[in-house]
Every structure is written in C-alpha cells, then in structure tokens.
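Values in this text are rule-based calculations from the coordinates and carry no lab data. Values in this document were obtained by computation on a predicted structure and should not be read as measured data. For neighbour counting, all protein chains shown are included, and Cβ atoms are generated from backbone atoms with ideal geometry for every residue, glycine included.
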C-alpha cells in the first residue's frame, strides 16, 4: 500500500460533558471519505491523545476503523514516551484492523539518538505492522537526526516518517539519502508544498479536517509536478493554514469544525477554547478564504 496524498490527523469530537462524541466522529469519517481523502489518522496530537485514557484511545481507533470500512487506509496514533505502552497500544490498533501505526518521538524523557533507535526498533520488532515515525521536536523536545532515521528506515516495518522538524535542509538531506521505499510525509500543512518539492509525497494534515478536497488537490497537483498551479493553490489557502496555529493545535481547527457545524466547541484541560479576539480573527480568515 503506497503512502501518498493527504492523511487527515483527525480531531476527536467531545460532547458537552467531555465524553467522546462518537456520532460526530463517525460523521467526520464519512465527510472525509466523501471528499476524497487518501487516509485517516486517528488519535494523534490533533486527536488530543494526551487526554484520552487507554479505553477511549482504543475506542476512537476502533470507531474510525469500523466507520471507514476499509474505504481508505488508517494510520493509528499509538506512540508513547514509554516503550512498553507504545507496544501495547500498537498491538491493540493492529488487532482492531489499523493499516499503519504512527509512532511519535518519545516526549519529555528526551532520549539519546541511540535511545530513539532502540525505542522504535522495539515496537517494530514486537508488532508486525508498518510504522510511520513521527519527528516533532517542538513537542517532544528532541530532534530525530537523519543518521538515526536512516538506521530505522532499514527495518522492513518502518516505512515512512511524518516530518515536522520545520527544517527543509533536514528534509532535503533525508530525501537524498533515504531508501527508495521509505516515504516522507509532511507533518506541517504550511510546509507541505516545499517538502513535496524536495521529495516528500504528501501531508498528514490538520487543515484537511475542514478542507479535505482542497488539500488533496494541492498535494495531487504538486505530486504531478505542476508546481505553478500547486503554488497558486498553496497561497490561496496559506492564510488559513497559518491561522490554524494562532493557538495550540487542535484548538483552532476544532473551532473551525464548530463554525462549520461539524462538532461542539469542547476540549479537555489543559486545552481550552480560544479567546474571543482569536475566535473573531479565525472566523474572519475562514470567511476571507471562502472556507466559511
């Protein structure tokens, strides 16, 4: 199965009482697939995974898999800063029918490069399913260096990276040195186009929760080599892509989903709603870009 296109980092809708809103989650899955999304990524950072307990974590993944009904591939977020926990979550996702596992760089404990390597290898050796490594030093505290990523890419179960270091030189170096069957996906909507120009094949996208068809068109056009048109599409969407990070992800995108009538404006602490000023600014950007 080829990883190419846009894979939506799904938000997790909540009810007013804070419980998981299963119906709106199912509605979101159907909306995504109807709009031509390449795949879905439940329970990543955008899915507020840090505040879901293990039972909820498994439930969200199972619900997305069930509603998807094999129409598109599922990359289940099953990473942790505890290797044993990451293995257990990955086992659950495989048993539920996920196609891939998204494994975030262990956060807070800030392992060495050798620690990173042993962590991901332990998951890859224990659970036989394809793994997408998630490099996001802004949240994990440390960068997975390319020398380590290339060691990991040699393992048959480690098939891709969600790259969110923000470093285009790092992406270019990895694209130049990586095995042919190892895929680079952007973990940042803003950098999706330049990363594809450097050798990436798609985006694990926050924006596509709201604009899946538009993000797919952008990536499909860039992958076809029509960078003049892709650049035009990118700059049409750029104000919205920037606005998604005017507050901590996923707060702005969930507010945008709320404005579109897709779910309630509910979060779990320590995340909370945006200020009234930011809400107004975000709504105006959605209107000016034709999204609302």
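Exposure proxy for 48, 66: other Cβ atoms within 10 Å of each Cβ, ordered fewest to most, give 66, 48.
Hey, what's the Kirkwood Rh for the chain if you take every pair of different alpha carbons, in angstrom?
Numbers: mean 1/r = 0.0529 Å⁻¹.
When all Cα pairs of the chain are included, the Kirkwood radius is 18.9 Å.
Counting only Cα atoms, the size of the range 130-245 along its three principal axes is 38, 30, 25 Å, in decreasing order. Were the residues from residue 223 through residue 85 laid out at 0.36 nm apart, the gain over their Cα-Cα distance would be 46.1 nm.
Any idea what diffusion coefficient the range 141-194 gets from Stokes-Einstein, in µm²/s, Kirkwood Rh on alpha carbon pairs, 20 °C, 1.002 mPa s?
D = 187 µm²/s.
When peptides 223-230, 55-62 are ranked by their average number of other Cβ atoms within 10 Å per residue, the highest-first order is 55-62, 223-230. Distance from a point 7 Å along Cα→Cβ of residue 71 to each backbone N in the range 194-230: keep the residues under 19 Å and list them by number. From the range 194-230, the list is 205, 208-217.
Between rounded, prolate and oblate, where does the range 34-73 land on the alpha carbon gyration tensor, with a ≥ b ≥ c its root eigenvalues, rounded for a/c under 1.5, else prolate if a/b exceeds b/c? Each step should come with its number before you reach the end.
Values: a/c = 3.54, a/b = 1.72, b/c = 2.06.
Because a/c hits 1.5 or more and a/b fails to exceed b/c, the range 34-73 counts as oblate.
Note on the range 213-260: percent of Cα-Cα distances in each 5 Å bin, starting at 0 and stopping at the bin with the largest distance, equals 5, 21, 22, 20, 16, 11, 5. Counting only DSSP beta bridges whose two residues both lie in the chain, roughly 5 percent are antiparallel.
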